[in-house]
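Here is the structure we will look at, set down as structure tokens.
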Amino acid sequence: MGLLLADFQPLAAIATTPAGAKRLLSFCQSADATLWVPESLLDVVKTPGEENTRLAIKAYTCPLKDHLANLWADHGAFVFSLAAGAVVRLIAPLLQHKSTDPAVVVVDETGQFVISLCSGHQGGADQLARLIARQLGATPVLTGASAGLGLPAVDMLGAPFGWQRGEGNWTGVSAAVARGETVQVVQQAGSTLWQSHLPAGHPFYFERREERENAPSPYLEVGAALPHAQIWITPKQPLLISSAIAQIQWHPRVLWVGIGCERGTSRQLIETAIQQVFKTHQLALKAIAGIATIDIKADEVGIIELCQDWQLPLKTFPAETLRGISVPTPSTIVEAEVGTPSVAEAAAIAAGNAFSHPLMPAQNSLLIPKQIYRDPEQPGAVTIAIAQSQQEYTGRTGTLFLIGTGPGKLDQMTPAAQTAVTQADAIIGYSLYIDLIAPLLRAGQIVESLPITQERQRAERAIELANWGLTVAVVSSGDCGIYGMAGLVLEELRAQGWDGKVPAVQVFPGISALQSAASRVGAPLMHDFCAISLSDLLTPWEVIEKRLTAAAIADFVTALYNPRSLTRTEQIVSAQQIFLKHRHPNTPVAIVRSAYRDDEEITITTLDKFKEIPINMLTTVLIGNSSTRTHADWMITPRGYLGFDAESGKESTPREPI
Ligand code: SAH
């Protein structure tokens, strides 16, 4: 399952019966999970020869309760094949808080149900249950209210963007959503993408951010009823917690803290200075995106220690860059020392501008001009300035899932590909294909469809979101690597100087049109075959013509993709003429339109007559080779030329096994 389960590692599976262990085996293998069984089961479960496989099966020797206690703290997820009641008793003493506990999932012994038992949202158990259920062909059992409402859980809605959960009555706001009560959203920073993908009738009321910025009260005015609950999405630390209304705070990471300091300034002093500035200006520490400074401070111990402890990125800039940024409080002394009149302010602005919205001009983002701190008891002195970026820093490494959805029906799409769609934060593709996979979509996902001609824009958008830190699924029909989006995305990544690792890429194959079309008429591709797209939008016609001729001469069974559109009508005529020069007019041809879709149409005809059949952009044309024959409604290409008489259908000599 590769990247699909990366968020849950390390992952432990636990089974106490042979049937339960067998049930979890294949999942553990693909998930790189350790399967724990009682000692007595080890020999039953381990089959000879398996020592060399990747699968780790281990025996626990102490009581399971104690064994779990040992694994609990450093594991991301637990998957049990055990009665749910038994699991509840086992984990009860270990549970601490939903923000820190690992995901706990229970699979019933018959493999019909996968229960998200604990840490469904923040721990990801709902997601893990969906993933395992897809792999086992089971039903995920999710009992959280938001899952049933088709809404993103309020404690998850900022997760794709790396927002941090702040203070508030999280249970109260979730309960208000579950009751269908109005929830006011005051969003002062961060992406609003999540707002545009909510189902109709959602309970959120959005206030435009400018309206709220200077308003004295957080409540709706002009006669509106008081909201039952509020969601603040803000870099500030609002002081407006009211007991009458359930409120929560999400903090998008938009604040870049610029630091200038004397050599040897203590980490303690830097930390206190930041805390004080944030307190004075009512800003939330959780909204910090990172620390910014001049490159000669990249080895400043106090700064490095702080970044490590607070898990913040450190962005450094050379003096030449900082010198070019206009700031409110330049200093000639600083300039004489390090070659730029500003370090803290200029570095904060530079870091903030790097996260400006791609479609908006970078603006002067300085929020708090420089403040100088000293403490007689601490060595050094520190200058702090804060800039606010337009786009939040997600703190996540993006992933691109390049997915083939198969011909149309969901049951023709691989379980791995289905899982990848469910897992993604954002789905990008042509609207027809997104409609076909609609049942896989999950509340809270960003779904962007672009018109059929805008493939390159689709690839660029996917990469932009992945570079920002999101997990993005790019869907193509059929196989994504056969006239699909995989090539476009990888080409574009290459052009951008991609290192092959970030964003991470995983390709999920799908059943291509030539296979799905072939399956509807029998076995026309049984021997050597090729695919040729007749679209000359991205390929010169001379090249296509040359390939058609070569395929016809070489007697390849040939699948023609993109055979005809409203404006491209001549190419299929030329293709027929080329093939007629080299193949018998009676050569069987299958015209398969919309294979595995509701409007599927299939015709078997011959090379000289096939143009009489309507052909469009949803059609694949399969041209047989010289020994392809039809039989009733079927089209069969013999497996070999030797030892098989295509006319009589009899085998004369033994063949290699197939
Ligand atoms: N990536 C796709 C091909 C995209 S090119 C794949 O691997 O199948 C688009 C062409 O694919 C169409 O013009 C048509 O020739 C073919 N095609 C796609 N889906 C099809 C279907 N369900 N039935 C028949 N042909 C199909």
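The values are calculated or read from the model by the stated rules, or taken from the named source; none is laboratory data. Worth saying up front: this structure is predicted, and the values here are computed from it rather than measured. Note that each Cβ is placed from the backbone with ideal geometry, even for glycine, and that neighbours are counted across all protein chains shown.
Couple of notes before you dig in:
- Restricting the range 115-140 to residues that are part of a loop (DSSP other than H, G, I, E, B) and under 20 Å from Gln445 (Cβ atoms), the residue that is modelled with the highest pLDDT: Gly124
- Cβ-Cβ under 6 Å pairs, at least 6 apart or on other chains, the range 553-576 side under 21 Å from Ser512 (Cβ atoms), far side more than 16 Å from the ligand (Cβ to nearest atom) and of a type outside the set (A, V, I, L, M): Phe556/Asp528; Val557/Gly624; Val557/Asn625; Val557/Thr637
- Test for Pro524: is it under 23 Å from Ile636 (Cβ atoms), out of contact with any Phe, Trp or Tyr (no Cβ under 7 Å at 6 or more places or on another chain), more than 11 Å from the ligand (Cβ to nearest atom) and of a type outside the set (Gly, Ala, Ser): yes
- Filtering the range 586-601 to residues that are within 23 Å of Arg639 (Cα to Cα), under 43 Å from the mean Cα position of the chain (by Cα) and either more than 12 Å from the ligand (Cβ to nearest atom) or surrounded by fewer than 16 Cβ atoms within 10 Å (Cβ to Cβ) (or both) leaves only Val589.
- Arg568, sole failed condition from (1) farther than 17 Å from Asp536 by Cα; (2) more than 10 Å from the ligand (Cβ to nearest atom); (3) under 36 Å from the mean Cα position of the chain (by Cα): (1)
- Of everything listed in (1) among the hydrophobic types (A, V, I, L, M, F, W, C); (2) within 16 Å of the ligand (Cβ to nearest atom); (3) surrounded by fewer than 19 Cβ atoms within 10 Å (Cβ to Cβ), the single unmet condition for Ala486 is (3).
- Enumeration of residues in the range 606-628 that are surrounded by 18 or more Cβ atoms within 10 Å (Cβ to Cβ) and either at positive phi or within 16 Å of the ligand (Cβ to nearest atom) (or both): Phe610, Ile615, Leu618, Thr619, Thr620, Val621, Leu622, Ile623
- Hits in the range 264-300 - residues which are more than 17 Å from Gly380 (Cβ to Cβ), part of a helix (DSSP H, G or I) and either out of contact with any Gly (no Cβ under 6 Å at 6 or more places or on another chain) or β-branched (Val, Ile, Thr) (or both): Phe278, Lys279, Thr280, Leu285, Ala287, Asp295
- Top-ranked residue in the range 533-547 [being more than 35 Å from the chain's Cα centre (by Cα) and surrounded by 12 or more Cβ atoms within 10 Å (Cβ to Cβ); ranked as nearest to the ligand (Cβ to nearest atom)]: Ile544
- Among the conditions (1) farther than 28 Å from Pro252 by Cα; (2) touching a strand residue (DSSP E or B) at 6+ places or on another chain (Cβ under 7 Å); (3) touching a residue at least 40 places away in the same chain (Cβ under 8 Å), the only one that Ile437 does not satisfy is (3).
- The residue that is nearest to the ligand (Cβ to nearest atom), among those in the range 573-585 that are of a type in the set (A, V, I, L, M) and either crowded, with 19+ Cβ neighbours inside 10 Å or within 17 Å of Cys530 (Cβ to Cβ) (or both), is Ala575.
- Taking the criterion of being within 22 Å of Leu255 (Cα to Cα) and crowded, with 21+ Cβ neighbours inside 10 Å, the only residue of the range 167-184 that qualifies is Gly168.
- Counting residues in the range 86-97 that are assigned to a loop (DSSP other than H, G, I, E, B), of a type outside the set (D, E, K, R) and in contact with a helix residue (DSSP H, G or I) (Cβ under 7 Å, 6 or more places away or on another chain) gives zero.
- Scanning the range 321-350 for residues that are at pLDDT below 95 and of a type in the set (Asp, Glu) gives Glu335, Glu337.
- Test: residue in the range 348-366 that is under 21 Å from Arg263 (Cβ atoms) and either surrounded by fewer than 24 Cβ atoms within 10 Å (Cβ to Cβ) or in contact (Cβ under 8 Å) with a residue 24 or more places away in the chain (or both): yes
- Each residue in the range 84-103 was checked for being in contact (Cβ under 8 Å) with a residue 12 or more places away in the chain and more than 22 Å from the chain's Cα centre (by Cα), and 10 pass.
- Failed condition for Glu392, given (1) out of contact with any Asp or Glu (no Cβ under 6 Å at 6 or more places or on another chain); (2) touching a residue at least 60 places away in the same chain (Cβ under 8 Å); (3) within 16 Å of the ligand (Cβ to nearest atom); (4) not β-branched (Val, Ile, Thr): (3)
- Out of Leu366, Leu400, one residue alone is at pLDDT 90 or above and either in contact with a Lys or Arg (Cβ under 7 Å, 6 or more places away or on another chain) or closer than 30 Å to Leu514 by Cα (or both). It is Leu400.
- Single unsatisfied condition, Ala552 versus (1) modelled with pLDDT of 95 or more; (2) over 18 Å from Ile532 (Cβ atoms): (2)
- Hits in the range 308-333 (condition: closer than 18 Å to Thr265 by Cα and surrounded by 18 or more Cβ atoms within 10 Å (Cβ to Cβ)): Leu314, Thr316
Okay, residues lined up against (1) more than 18 Å from Pro252 (Cβ to Cβ); (2) small (Gly, Ala, Ser); (3) without any contact (Cβ under 8 Å) to a residue 12 or more places away in the chain:
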site: Lys286; (1), (2), (3): no, no, no
site: Val301; (1), (2), (3): yes, no, no
site: Glu305; (1), (2), (3): yes, no, no
site: Leu314; (1), (2), (3): yes, no, no
site: Ala319; (1), (2), (3): yes, yes, no
site: Ile325; (1), (2), (3): yes, no, no
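- The range 464-483 - residue that is under 15 Å from the mean Cα position of the chain (by Cα) and among the hydrophobic types (A, V, I, L, M, F, W, C) and, of those, farthest from the ligand (Cβ to nearest atom): Trp468
- Test: residue in the range 435-442 that is over 30 Å from Ala551 (Cα atoms), at pLDDT below 95 and small (Gly, Ala, Ser): yes
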